[in-house]
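What follows is a set of notes on a single structure, which appears directly below.
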Amino acid sequence: MTGPDRMVRRPQRGRSLAPWAFLAPGLALFALFRLYPLVEGLVLSFTNARLGRAAYRFTGLDNYARLLDDTRFLTSLFNTAYYTVASTLPILALPLLLAVALNRPMRLRAVLRGAFFFPFTLSVVTVGLTWLWLLDPIVGPLNYYLRRLGIPVRSWLADPGAAMWAIIATSVWWVTGYYLVIYLAGLQDIPAQLYEAAAIDGANWWQRMRYVTLPMMRNIMAITALFSLIVTFANFDIVRILTAGGPIDRTHVFATWAFWIGIQGNDIPLGASVSLFMVPILTVAAVFILRDIHRRASEMS
């Protein structure tokens with residue numbers, strides 16, 4: 001190999017390694033704080049490990065068999081499904097309606113966009129404590145104004161029939177602004193000619209929404225549904241702050257039940273089994289949604 005050939009190939013090798021050099025810190029953090037805990041949790045779910053116990057042995061699928069016989073786990077499974085579906089549906093609809101309204105020329109549009117996005121800038125602890133105060137049965141503003149209007153009040157977070165809906169309302173209020181920004185970006189990519197053609201054909205607002213906006217936003221709505229599914233399915237902070245799983249386990253979801261049984265109950269393998277139970281469910285949902293997006297993209301190409 002001649003000298004000039006070596007001089008040509010060295011820069012190429014450097015260029016091929018440069019992207020990995022930039023990715024290395026992020027990959028290292030991902031492996032340390034995401035991949036390693038996942039593998040460690042998987043291993044622990046097949047053991048009888050306990051805090052303070054130096055030695056442990058493998059127990060196979062015993063922990064997963066215990067889960068299926070645990071009525072409180074089955075309750076958390078139902079609560080998680082209920083909470084996920086009831087949160088995802090308004091997260092798909094409400095930000096889209098707001099985005100359609102705020103995508104039109106209007107006064108104070110920038111102010112309103114910022115106001116709707118502001119809750120998402122707050123930490124989840126701040127959001128939880130704020131709603132804990134708003135829903136307080138004695139000093140909370142919600143019950144105060146309901147009393148002034150002569151409407152019966154209730155202890156929202158202690159009522160088995162209302163606690164889950166209070167958590168859903170809190171979650172939707174918190175993330176609406178985030179998905180609003182995503183929808184606004186998608187709406188601005190829709191060609192204006194499509195709306196002009198629909199207007200020439202005499203389409204009203206609902207027809208333009210149904211035949212232009214929704215089909216063009218379908219992929220973005222699918223990604224939003226996937227994000228919402230992942231976030232709500234693994235939600236811990238809001239539920240922990242507002243109800244800690246109560247009353248009478250009516251708001252225990254996978255994440256809070258895994259914490260309760262694994263940390264407070266000192267049954268780490270069973271808690272790890274609860275956490276890992278979410279993985280195949282979310283994986284199947286993600287594969288289904290992404291395949292649907294890929295199929296529609298192939299049809300349009």
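The values are calculated or read from the model by the stated rules, or taken from the named source; none is laboratory data. Since this is a predicted model, take the numbers as computed values, not measurements. Virtual Cβ from ideal backbone geometry, glycine too; neighbours counted across all protein chains shown. For the accessible areas, the whole protein counts, side chains as well, though only heavy atoms, and no ligand, DNA or RNA atoms are used. Shrake-Rupley method; radii C 1.70, N 1.55, O 1.52, S 1.80 Å.
Once the Cβ-Cβ distance of residue 16 and residue 287 is raised to the sixth power relative to R0 = 22 Å, the FRET efficiency obtained is 0.10.
Between the amide H of residue 47 and those of 59, distances stay under 5 Å, these residues lying 5 or more places away or on another chain, with hydrogens modeled in the peptide plane. About its Cα centre, the dipole of the chain is roughly 740 debye, where the only charges are +1 on Lys and Arg Cβ and -1 on Asp and Glu Cβ. Remark: the residue 23-residue 203 segment gains 59.9 nm on full extension, using 0.36 nm per residue and subtracting the alpha carbon distance. Surface composition of the chain: carbon and sulfur atoms hold 69% of the protein heavy-atom accessible area at a 1.4 Å probe. Both radii come from the Cα set of segment 179-301: Rg as radius of gyration, Rh as Kirkwood radius; their ratio Rg/Rh reads 1.18. Heavy atoms of the protein chains alone define the surface here; on that basis the chain has 61 Å² accessible area per residue at 1.4 Å probe size. For the chain, what are the DSSP H helices with axial Cα length of 24 Å or more and mean Kyte-Doolittle hydropathy of at least 0.5? Those that clear 24 Å and a mean of 0.5 are 71-102, 163-187, 268-300. Under the combined filter of DSSP loop state and at most 11 neighbouring Cβ atoms within 10 Å, segment 96-154 retains these trypsin sites (Lys or Arg not before Pro): 107. Using just the helices of the chain, give the 222 nm mean residue ellipticity in deg cm²/dmol: DSSP H runs with n ≥ 4 each add -39,500 (n - 2.57), and the total is spread over all residues, rounded to 500. That comes out to -22500 deg cm²/dmol. Spin-label model, residue 94/residue 279: points 7 Å from Cα along the beta carbon direction are separated by 3.3 nm. Quarter the surface of the alpha carbon convex hull of segment 56-196 and you get the mean projected area, 14.8 square nanometres. Semi-axis lengths, largest first, of the ellipsoid equivalent to the chain are 37, 37, 19 Å, with √(5λ) applied to each eigenvalue of the Cα gyration tensor.
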